[in-house]
1. Restricting the count to DSSP beta bridges whose residues both fall in segment 121-272, what percent are antiparallel, rounded to a multiple of 5?
2. Where does each of 146, 119 land when they are ranked from fewest to most other beta-carbon atoms within 10 angstrom?
3. Quick one: order 98, 64, 106 by neighbouring beta-carbon count within 10 Å, fewest to most.
4. Looking at the chain, send over the antiparallel percent of its DSSP beta bridges, to the nearest 5.
5. What do you get for Rg/Rh of segment 216-282 when both radii come from the Cα atoms and Rh is the Kirkwood radius?
6. If packing is taken as the mean number of other Cβ atoms within 10 Å per residue, what is the order of 112-118, 187-193, highest first?
7. What share of Cα pairs, in percent, lie more than 15 angstrom apart in segment 53-114?
8. Just order 211-217, 257-263 by mean Cβ neighbour count inside 10 Å, highest at the front, would you?
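Values quoted throughout were computed directly from the atomic coordinates according to the rules given, and no laboratory measurement underlies them. Source: prediction; values computed, not measured. Cβ placement follows ideal geometry from the backbone for every residue including glycine, while neighbour counts extend to all protein chains displayed.
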Ligand code: G3P
Ligand code: CA
């Protein structure tokens, strides 16, 4: 499993610097096409897409409606978030399996019913101004994000832990075909993604990797994965070239320091990701 957030939580100054408010650039750079830009590599694209990790989570409580809305305001082309499954089979947005760190509840999500989770506060831990934020459902998150940006949905566990979860995710998407072209499902476990596409081959997938991504080229082919989401520290210039040459898009995560962003930009990935999407947008404008 990957390390927890790279280094954003301590960077309070960054929140101040991340305050640029501009419209998303999906139209400007031709990102909004009938092709999903996370799956189709377009070498003519002048700049990478901006991904807000757990929303604008350096400036608002992660994985909440507030952090998603702020990410869109700050120019994100895509918003990443994480999902888990409740005891009654609903899909909810949270990073951890447990409630303690980001809500006023306790225990495991999988042992709670959706209604119980809706009574919890998911914003006050971050700051009093965010008290009253709720744990979003998958449907709520997609409703907020997809009209203006792509949604990158990280599936934290498969059917071994969350019964029939791949089928439940596919059912949510089947009920809302308008979300399909705007969503990419990502996971470290390629088996989850393979199962998802066995249920619905129209769903887009990306493999998360914590090791050099080129080591997973065979896995990607075997499991029918469509794109790569490597940990940026393991990415090299040659890795990006190799993955592009093999027909995959490359989406490194998560950079909160400007010097790291600049290093990654030089590798020409298809997107860049941060807890501070406004900072990414500002750096792209300076280029
Ligand atoms: O975008 C990938 C990244 O979110 C994986 O790590 O722990 O933040 O979910 P984590
Ligand atoms: Ca994640």
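1. If we restrict to bridges inside segment 121-272, about 0 percent are antiparallel.
2. Ranked by crowding around the Cβ, least crowded first: 119, 146.
3. 106, 98, 64
4. In the chain, DSSP labels about 15 percent of beta bridges as antiparallel.
5. Using Cα coordinates only, the ratio equals 1.00.
6. Order by mean packing, descending: 187-193, 112-118.
7. 51 percent
8. Highest-to-lowest ranking by the protection proxy: 211-217, 257-263.
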